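Here's the structure, in structure tokens; my notes come after.
The values are calculated or read from the model by the stated rules, or taken from the named source; none is laboratory data. The model shown is predicted, which means the values in this text are computed figures rather than measured ones. All Cβ positions, even for glycine, are placed from backbone atoms using ideal geometry, and neighbour counts span all protein chains on display. Only protein heavy atoms, including side chains, enter the accessible area calculation; ligands, DNA and RNA are left aside. Shrake-Rupley method; radii C 1.70, N 1.55, O 1.52, S 1.80 Å.
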Amino acid sequence: MECLSCRGQMRWEKAPFRADRQGYSVSWDSLPAWVCPQCGEVLFEVREVDLIQEALTVLERETGILLVGKN
């Protein structure tokens, strides 16, 4: 796969991912992704994006329950 940023040859490797939400941060140290060794660009496949979104949705729901419980 060719990198969209620098046209380098991307490799299927592991990459970190971080998301900052209202009141918390989530990070994964090593998710499967296309990584460009030249510029560091990271692209996740649809499957990984779907799993990340699903995990974040669950965390948002559960975090909302925690916040409501504090009142």
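Roughly how many Å² is the accessible area per residue of the chain, as a whole number, for a 1.4 Å probe?
75
Calculate the spin-label point distance for Ile52 paired with Asp29, positioning each point 7 Å from the Cα along the beta-carbon direction, and give it in nanometres.
1.9
Counting only the heavy atoms of the protein chains, how much of Ser25 is accessible to a 1.4 Å probe, in Å² to the nearest 10?
The accessible area comes out at roughly 60 Å².
Per DSSP helix of 4 or more residues, -39500 (n - 2.57); summed, then divided by the residues of the chain. What does that give at 222 nm, rounded to the nearest 500? It would help to have the intermediate numbers written out before the result.
Working: 1 runs with 25 residues, N = 71.
Roughly -12500 deg cm²/dmol at 222 nm, from the helical runs in the chain.
Quick one: plug the Kirkwood hydrodynamic radius of the chain (C-alpha pairs) into Stokes-Einstein at 20 °C, 1.002 mPa s, and report D in µm²/s.
Values: Rh = 13.8 Å.
The diffusion coefficient I find is 155 µm²/s.
Relative to the longest principal Cα axis of the chain, at what angle does helix 46-70 sit, 0 to 90 degrees, rounded to 10?
Tilt of helix 46-70: around 20 degrees.
Quick one: net charge of Met10's neighbours, Cβ under 15 Å, K/R +1, D/E -1?
Numbers: positive: Arg7, Arg11, Lys14; negative: Glu2, Glu13, Glu41, Glu45, Glu48.
Once all neighbours under 15 Å are counted, the net charge is -2.
Could you size up the charge dipole of the chain around its Cα centre, putting +1 on the beta carbon of Lys and Arg and -1 on that of Asp and Glu, and report it in debye to the nearest 20? It would help to have the intermediate numbers written out before the result.
Working: 8 positive and 11 negative charges, 33 e Å.
With Lys and Arg at +1 and Asp and Glu at -1, about 160 debye.
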